[in-house]
Amino acid sequence: MADLQHAAAAKPSAFPRILKKRPLYRYWKYRYLLLMFIPAIVYYIVFHYMPIYGILIAFKNYKFSQGIWGSSWVGLEHFRDLFALESFWQVFRNTMIISFYKLVFGFPAPIILAILLNEVRLVAFKRVFQTVTYMPHFLSWIVVSGMFIQFFSPSGGPVNVVLQMLGMKPIYFLADVNWFRPVLVITDIWKGAGWSSIIYLAALTGINPELYEAATVDGAGRFARIRYITLPSLVPVITIMLIFAAGSIINDDFDQVFNLYNTAVYSVGDVISTYTYRKGLVGMEYSFATSVGLFKNVLAFLILLIANTIAKKVNDYGLW
């Protein structure tokens, strides 16, 4: 009888321990912290998941007066028309080429900037330089494009003034098919490199200072420390960011291109987003424009999967 009473008395204390081992208990324990995620969850549901319903337009002959459900089904007709257009493939090539240039020249820029800032020992100069490089990120492309239009102006822009002083002819950079793509890459690096370097600077703070001290004692110079300590420590972060960059290679910056390009550079500067804008909003071909966007997003997802698979095989780092 005493043993039974002892077992009965032990049950209330044993039951909570069992509950604590269940995953749901952790959510209940941190329920007040999880409530902070509700605004973000609502935002993504309303503005990112609910609009997916509009994908149906790509498979219909959408009429505004009839609505999405009332419009007639056409299946893959818009995709067949899309792939048959030479203008689309030209836009597709432009998008891939510009994105490739940005990946090759723009992706290493914040890494190099973060390493340079990490090597600066004068704190005051470091803070000022960081502030200067971060500031362009907070400017809209409308402001930035206006600045660079004036900067590269063939009549009074500083660049062409210097070229004329050197005895060269002025160049209309934003209307020259040979210069428009480099301008896009340069302006993109100028605007985003400083802000993107924050991620790499955060990763650099996690490196054990004793590694640098030991390398210094062993006679390693500054470049040797960067090569054998800094860069290997950044590999996980670089891999993740490279996967994201590869996944977005089919995407383009509409605000940048739309505010800088003109009809003279359509052959090299017209990209998928501007093409979709003209077809969808200007030409009111909503179904066709939706099929272009759906094709771009599916292709971006496939590229992301391929990039992640390759990264996992190369250095065992990936998104999952």
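So what is the diffusion coefficient of segment 46-122 in µm² per second by Stokes-Einstein at 37 °C and 0.692 mPa s, using a Kirkwood Rh over Cα pairs?
It comes out at roughly 195 µm²/s.
Using the Cα gyration tensor of segment 60-215, with a ≥ b ≥ c the square roots of its eigenvalues, what is the shape: rounded (a/c below 1.5), prolate (a/b larger than b/c) or oblate (neither)?
Judged from the Cα gyration tensor, segment 60-215 comes out oblate (a/c at least 1.5, b/c at or above a/b).
Compute the signed sum of charges (Lys and Arg +1, Asp and Glu -1) over the other residues within less than 13 Å, Cβ to Cβ, of Asn118.
It works out to a net charge of +3.
Across all directions of projection, what mean area in square nanometres is found for the Cα convex hull of segment 171-247?
Result: 7.4 nm².
For Lys60, which aspartates and glutamates qualify as cross-link partners when the Cα separation must be under 19 Å and same-chain residues fewer than eight apart are set aside?
Leaving aside aspartates and glutamates fewer than 8 places away in the same chain, those within reach of Lys60 are Glu77, Asp81, Glu285.
Which residues' amide hydrogens lie under 5 Å from the amide hydrogen of Tyr62, considering only partners 5 or more residues apart or on another chain, with H built in the peptide plane?
Result for Tyr62 returns Ser287.
Could you check the simple spin-label distance between Leu231 and Glu213, using points 7 Å along Cα→Cβ, in nm with one decimal?
2.6 nm
Quick one: what does P(r) look like for segment 206-293 with 5 Å bins over all Cα pairs, in whole %?
3, 12, 14, 12, 10, 7, 7, 7, 7, 8, 7, 4, 2, 0
Apply 1/(1 + (r/R0)^6) to the Cβ-Cβ distance of Leu201 and Asp255, taking R0 = 25 Å, and write down the FRET efficiency to the nearest 0.05.
0.45
Could you please rank Thr131, Thr230, placing first whichever residue has the fewest other Cβ atoms within 10 Å of its Cβ?
Going from sparsest to densest Cβ surroundings: Thr131, Thr230.
Work out, step by step, the length gained on full extension between Ala264 and Leu35: first 0.36 nm times the residue separation, then minus their alpha carbon distance; give nm to one decimal.
Difference between extended and current length: 77.2 nm.
For Ser155 and Trp190, compute 0.36 nm times the residue count separating them, minus their Cα-Cα distance, and round to one decimal in nm.
That pair, Ser155 and Trp190, stretches by 10.3 nm at full extension.
Whole-Hz ³J(HN,Hα) for each residue in segment 193-199, computed from phi via Karplus 6.51 cos²θ - 1.76 cosθ + 1.60 with θ = phi - 60°, x for glycine and proline: what do you get?
5, x, 5, 5, 5, 4, 4
Within the set of other residues whose C-beta is less than 13 Å from the C-beta of Glu285, count the net charge using Lys and Arg as +1 and Asp and Glu as -1.
+2
Magnitude of the Cβ-charge dipole of the chain, K/R +1 and D/E -1, about the Cα centre, nearest 20 debye?
Dipole size: approximately 1080 debye.
Under a plain spin-label model, where a point goes 7 Å from the Cα along Cα-to-Cβ, how far apart in nm are Thr131 and Tyr43?
Taking the simple label geometry, Thr131 and Tyr43 are separated by 2.7 nm.
How large is ³J(HN,Hα), in whole Hz, for each residue of segment 265-278 in order, when computed from phi with the Karplus curve 6.51 cos²θ - 1.76 cosθ + 1.60 and θ = phi - 60°, using x for Gly and Pro?
10, 4, 5, 10, x, 6, 10, 4, 5, 5, 5, 5, 4, 5
Could you give me D for the chain, from Stokes-Einstein at 10 °C and 1.306 mPa s, where the hydrodynamic radius is the Kirkwood radius over C-alpha pairs? Units µm² s⁻¹, please.
65 µm²/s
Grab the DSSP H runs of the chain that are 4 residues or longer, score each as -39,500 (n - 2.57), total them, divide by all residues and round the 222 nm result to the nearest 500 deg cm²/dmol.
For the chain, the value works out to -20000 deg cm²/dmol.
Please give, to one decimal in nm, the separation of the simple spin-label points placed at Arg278 and Arg80, each 7 Å out from Cα toward the Cβ.
2.6 nm
Lys pairs in segment 76-315, Cα-Cα under 24 Å, at least 8 apart or on separate chains: how many?
Close lysine pairs under the 24 Å cut-off: 5.
Every number in this text was worked out from the coordinates using simple rules, so none of it is lab data. It should be emphasised that the depicted structure is a prediction, and the values quoted were computed from it without experimental measurement. Here Cβ is always computed from backbone atoms with ideal geometry, including for glycine, and neighbour counts include all displayed protein chains.
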